[in-house]
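Worksheet: one structure, shown below.
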Amino acid sequence: MSEELDKRKKKVLQAIIEEYIDTAEPVSSGNLVKSLNCSSATIRNEMAELEKIGYLEKQHTSSGRVPSQKGYRYYVDQLLRDDKLSKKEMEIIRDRLATKVNALEDLTKIATTTLSEITHYTTITIGPHVNNHVIVDIKFILLGSRVLMAVILTDSGIIRESIIKFDEDIEQDQVEDLTYIFKSKLVGKPLEKLNTPLEDFIMAEMKTGINIIKKVIEEINKILEDSQQIYLEGANRVVDMPEFKKVDIAKEFLNVLDAKELVADVLNTGIAQDINVYIGEETEKEELKNFSIVTFNHLLEDKDIGTIGIIGPTRMDYSKVISVMKYISKKINDDFKKGKF
């Protein structure tokens, strides 16, 4: 439980954190005299108190302080401004989101790239939870004598497709049978895993060979089971950050990116709120103890279109990240209401 701070301590803590985010150097009282309009002695006393209650830490013998994870948490919860965007950055976001897309998932990818571009952090995105999305169309397209493409479209513009290969030839009339039967059974229903009664129904209704039917059902199940795709953007953006000059930290970060499912697990736990911030050990994952993750779950009219996660050092510019996320969210929702997607 965080202690309540008086007004001056809040100002000192905020100033130290924002100075440290900008410089990556321990902050001394002398750095803050001008901005806080206080004497160096007064600021030193406040810094000592903040260190005593766990909001600041002292590195080595330097007189400067750095924020603790507890300090960052208080900053994010109590002191952070979410309007840290320039007009130029807003224009870039509007320009990127104006790109024509064929599916809302493509819009999430654009948002991911834009977020990484503006914040200079690495982004990891997982596709939406689609179980509550309703199927509006399903098609089967013959690509060769033994190759079929299945395409599923949901009411929120999510598209799932799969190439299905067979050990026997299939004819166009069989493809038309497949399309008719699957449409009659699935269109208008939530996108959830196919079960045995559906398989029995299709077996009874179709003249198409059992092997073909089983293969189609198997591949559609794979589409639904693998619905949460993972995208990575801006992995190279961290190389210039001071934290990653330490070889062990850099290796930890690269290992996390190689095991994207680690971050995906964190992204999947944060859908209760639009934006969630996990600082260091708050993720409860040893591999992520030196990093922070900010997640953004995007909903359009209660439909999940994906979750974006920013990952970086605990010395993350939380204000910038959250400002960009909120502006992107607002722009997408406004454009959606205007029928631009």
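Derivation of every value follows stated rules applied to the coordinates shown; laboratory data play no part. Here the structure is a predicted model, which is why all the values come from computation and not from measurement. Quick reminder, even Gly has a Cβ in these numbers, built from the backbone with ideal geometry, and neighbours come from all protein chains shown.
Stretching K88 away from N45 to a fully extended chain increases their span by 11.5 nm, per 0.36 nm per residue minus the current alpha-carbon distance. Let me make sure I get this right: for the stretch 7-79, a, b and c are the square roots of the gyration tensor eigenvalues over alpha carbons, sorted descending. Under 1.5 in a/c it's rounded, otherwise prolate if a/b > b/c, else oblate. Which is it? Judged from the Cα gyration tensor, the stretch 7-79 comes out rounded (a/c under 1.5).
Across the stretch 12-22, coupling constants 3J(HN,Hα) worked out from phi with the 6.51/-1.76/1.60 Karplus curve, θ = phi - 60°, read 5, 4, 4, 5, 5, 4, 5, 5, 5, 4, 6 Hz, and Gly and Pro carry x. Reducing the stretch 36-87 and the stretch 233-279 to their Cα centroids gives an inter-centroid distance of 24 Å. Cross-link partners of K109 among aspartates and glutamates, defined as those whose alpha carbon lies under 15 angstrom from its own and excluding same-chain residues fewer than eight positions apart: D95, E117, E233, D304. As a calculated quantity, the FRET efficiency between H120 and D77 at R0 = 22 Å, using C-beta atoms, amounts to about 0.35.
Between the amide H of D137 and those of L153, distances stay under 5 Å, these residues lying 5 or more places away or on another chain, with hydrogens modeled in the peptide plane.
Whole-Hz Karplus values for the stretch 79-87 come out as 10, 5, 9, 10, 10, 8, 9, 7, 4 Hz, taken residue by residue from phi with 6.51 cos²θ - 1.76 cosθ + 1.60 and θ = phi - 60°; glycine and proline positions read x. Each residue, K330 and L299, gets one label point 7 Å from its Cα in the Cβ direction; the gap between the two is 2.0 nm.
About its Cα centre, the stretch 7-79 has a charge dipole of approximately 320 debye under the convention of +1 per Lys or Arg Cβ and -1 per Asp or Glu Cβ, with nothing else charged. Quick one: plug the Kirkwood hydrodynamic radius of the stretch 78-122 (C-alpha pairs) into Stokes-Einstein at 20 °C, 1.002 mPa s, and report D in µm²/s. Translational D for this selection: 183 µm²/s.
Straight Cα distances below 12 angstrom link K183 to the aspartates and glutamates D137, with same-chain residues fewer than 8 positions distant left out. About its Cα centre, the stretch 38-127 has a charge dipole of approximately 160 debye under the convention of +1 per Lys or Arg Cβ and -1 per Asp or Glu Cβ, with nothing else charged.
Taking 0.36 nm per residue of sequence separation and removing the Cα-Cα distance, the R8/I163 pair yields an extension gain of 49.5 nm. Modelled this way, with points 7 Å down the Cα-to-C-beta line, the labels at D248 and K189 are 5.5 nm from one another.
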